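Engineer: My questions all concern the structure below.
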Amino acid sequence: MSGTDPRLSVARTLDRCTVLGPGRRAVLWVQGCPLRCRGCVAAETLPFTDGPGRPVSELVGWIAGLPGIEGVTISGGEPFAQAGALVALLDGVRAARPELSAMAYSGFRHETLRRGTPAQRALLDRLDLLVDGPYVAALHADLRWRGSSNQRIHRLSPRYPEPVAEPDTGAGIEFSVGLDGSLSWAGVPAVPGFREEIERRIEARGFALRATAPPPGPDRRTPRAGRPRTAAAPYTPTGPQADPQAEPQTAGPRTGGPEAPAPHPPSARHTRRPGHPNPARPDDSRSPDSRTPDTDAPHPPAAPPHTNGPRTPGRHTEGGGQ
């Protein structure tokens, strides 16, 4: 890539995934989100950090070098908080592999993003599909690529005339084990409380889990209410610790999720203090720029401490992380 190589704050990447968009896709989760949706399943992707980030050219090379993929899905975190770097990323990918499609999640509604910054509008122009809107726990539903019924799929190009085939039900969850023994999962849970329950079951089998930390650097945001949807929850098992004579437990599926899910999904719990505004409303359509100055910067500066705001990855929208 010519000129200055932008950098992108990245939480995680996955070479191939079939549950976050059409076909087999590379997935990139950005680090940092200005929203705090109650019930977010990817809380480790929310803090903005001061780390150096990854060069866009490096990420272009990674995506362009993957055989057998149909496209790339961008989740988070909030992709439109790093719109400028993602525009450069997709331009580089399309220059190398013009056949690849692009899909993204956002906690902001499509109408809001259309009134956003030039870089945010440019990112929309490069997408084939957008899943928009905050995750709303009270509206949790088993939907294709979405976590709650307020979220929508927007077809932004002719590439996918019918992105969601009937019936509109969840695509499932995929688990991956890394060469270092780390365990991760990706997808939009069909039932609330999935992450809490699957972690409980894994620990019951004798493994102590710890979530992979976000990139080094201080969190530049104060957690608030608002967002996603899609998740890739990476863990490092630290070794069997349970009684070897203990009866094994099976995490049997129920409508695409674990049995007997916890009543409330894990989240960055939001407690309203006296004088503080209510958590984000799903119909909030203000521009991302009204929440954080310069949301196109790779590392957005801290926003005012008391602002309202809506969310999937997921994110996550019209039938369309979450």
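The values are calculated or read from the model by the stated rules, or taken from the named source; none is laboratory data. Fair warning: this is a prediction, and the values are worked out from it, not measured in the lab. Note that each Cβ is placed from the backbone with ideal geometry, even for glycine, and that neighbours are counted across all protein chains shown.
Engineer: When the stretch 173-193 is examined, which residues are found to be within 15 Å of Thr73 (Cβ to Cβ) and in a loop (DSSP other than H, G, I, E, B)?
Structural biologist: Across the stretch 173-193, the qualifying residue is only Val188.
Engineer: Do we find a residue being buried (at least 24 other Cβ atoms within 10 Å of the Cβ), more than 22 Å from Val188 (Cβ to Cβ) and not aliphatic (A, V, I, L, M) anywhere in the stretch 85-96?
Structural biologist: Looking for residues that are buried (at least 24 other Cβ atoms within 10 Å of the Cβ), more than 22 Å from Val188 (Cβ to Cβ) and not aliphatic (A, V, I, L, M), one finds none in the stretch 85-96, hence no.
Engineer: Counting only residues that are among the charged types (D, E, K, R) and buried (at least 19 other Cβ atoms within 10 Å of the Cβ), how many does the stretch 99-115 have? Walk me through how you get there before you give the answer.
Structural biologist: Initially, the stretch 99-115 is screened for residues among the charged types (D, E, K, R), giving 99, 109, 111, 114-115.
Still in the running and buried (at least 19 other Cβ atoms within 10 Å of the Cβ): 109.
The number of residues fulfilling the criteria is 1.
Engineer: Filter the stretch 186-195 for residues that are at pLDDT below 90 and either under 15 Å from Ala11 (Cβ atoms) or within 15 Å of the chain's Cα centre (by Cα) (or both) and give the result.
Structural biologist: Once the filter is applied, which keeps residues that are at pLDDT below 90 and either under 15 Å from Ala11 (Cβ atoms) or within 15 Å of the chain's Cα centre (by Cα) (or both), the stretch 186-195 yields only Arg195.
Engineer: Residues that are modelled with pLDDT of 90 or more, part of a loop (DSSP other than H, G, I, E, B) and among the small types (Gly, Ala, Ser): does the stretch 153-167 have at least one?
Structural biologist: yes
Engineer: Please identify the pairs in which a residue from the stretch 46-67 that is acidic (Asp, Glu) has its Cβ atom under 8 Å from the Cβ atom of a residue that is at pLDDT below 95 and surrounded by 15 or more Cβ atoms within 10 Å (Cβ to Cβ), counting only partners at least 6 apart or on another chain.
Structural biologist: Sorted first by the residue in the stretch 46-67, then by its partner, the pairs are Asp50/Gly217; Asp50/Arg220; Asp50/His299.
Engineer: Can you work out which of the residues in the stretch 49-81 that are in contact with a helix residue (DSSP H, G or I) (Cβ under 9 Å, 6 or more places away or on another chain) and of a type in the set (S, T, N, Q) is surrounded by the most Cβ atoms within 10 Å (Cβ to Cβ)?
Structural biologist: Ser75
Each row is one residue, and each column tells you yes or no for (1) within 24 Å of Pro161 (Cα to Cα); (2) at pLDDT below 95; (3) not in a loop (DSSP other than H, G, I, E, B).
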{"position": "Thr4", "(1), (2), (3)": "no, yes, no"}
{"position": "Arg16", "(1), (2), (3)": "yes, no, yes"}
{"position": "Asp50", "(1), (2), (3)": "no, yes, no"}
{"position": "Val60", "(1), (2), (3)": "no, no, yes"}
{"position": "Gly84", "(1), (2), (3)": "no, no, yes"}
{"position": "Ala88", "(1), (2), (3)": "no, no, yes"}
{"position": "Val93", "(1), (2), (3)": "yes, no, yes"}
{"position": "Met103", "(1), (2), (3)": "yes, no, yes"}
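Engineer: Any idea which residue in the stretch 19-48 is surrounded by the most Cβ atoms within 10 Å (Cβ to Cβ), counting only those that are assigned to a helix (DSSP H, G or I) and not polar (S, T, N, Q)?
Structural biologist: Start the filter on the stretch 19-48 by keeping residues that are assigned to a helix (DSSP H, G or I), which leaves 43-45.
With not polar (S, T, N, Q) added as a condition, the list becomes 43-44.
Values: Ala43: 22, Glu44: 20.
Step by step, filter the stretch 19-48, then rank; the result is Ala43.
Engineer: Can you report the number of residues in the stretch 31-54 which are β-branched (Val, Ile, Thr) and in contact with an Asp or Glu (Cβ under 7 Å, 6 or more places away or on another chain)?
Structural biologist: Filtering the stretch 31-54 for residues β-branched (Val, Ile, Thr) gives 41, 45, 49.
Narrowing further to those that are in contact with an Asp or Glu (Cβ under 7 Å, 6 or more places away or on another chain): 49.
Residues flagged as β-branched (Val, Ile, Thr) and in contact with an Asp or Glu (Cβ under 7 Å, 6 or more places away or on another chain) within the stretch 31-54 amount to 1.
Engineer: Quick one: in the stretch 62-82, which of the residues that are of a type outside the set (A, V, I, L, M, F, W, C) and part of a helix (DSSP H, G or I) is farthest from Ile198 (Cα to Cα)?
Structural biologist: Going residue by residue through the stretch 62-82, those that are of a type outside the set (A, V, I, L, M, F, W, C) are 65, 67-68, 70-71, 73, 75-79, 82.
Add one more test, that the residue is part of a helix (DSSP H, G or I), and what stays is 79, 82.
On the way: Pro79: 27, Gln82: 31 Å.
So, considering only residues that are of a type outside the set (A, V, I, L, M, F, W, C) and part of a helix (DSSP H, G or I), the one farthest from Ile198 (Cα to Cα) is Gln82.
Engineer: Now, a different point. Those residues that are part of a strand (DSSP E or B) and of a type outside the set (Asp, Glu), I need them from the stretch 105-145; list them, please. Full working, then the answer.
Structural biologist: To start, the set of residues in the stretch 105-145 that are part of a strand (DSSP E or B) comprises 105, 129-132, 140-143.
Across the stretch 105-145, the qualifying residues are Tyr105, Leu129, Leu130, Val131, His140, Ala141, Leu143.
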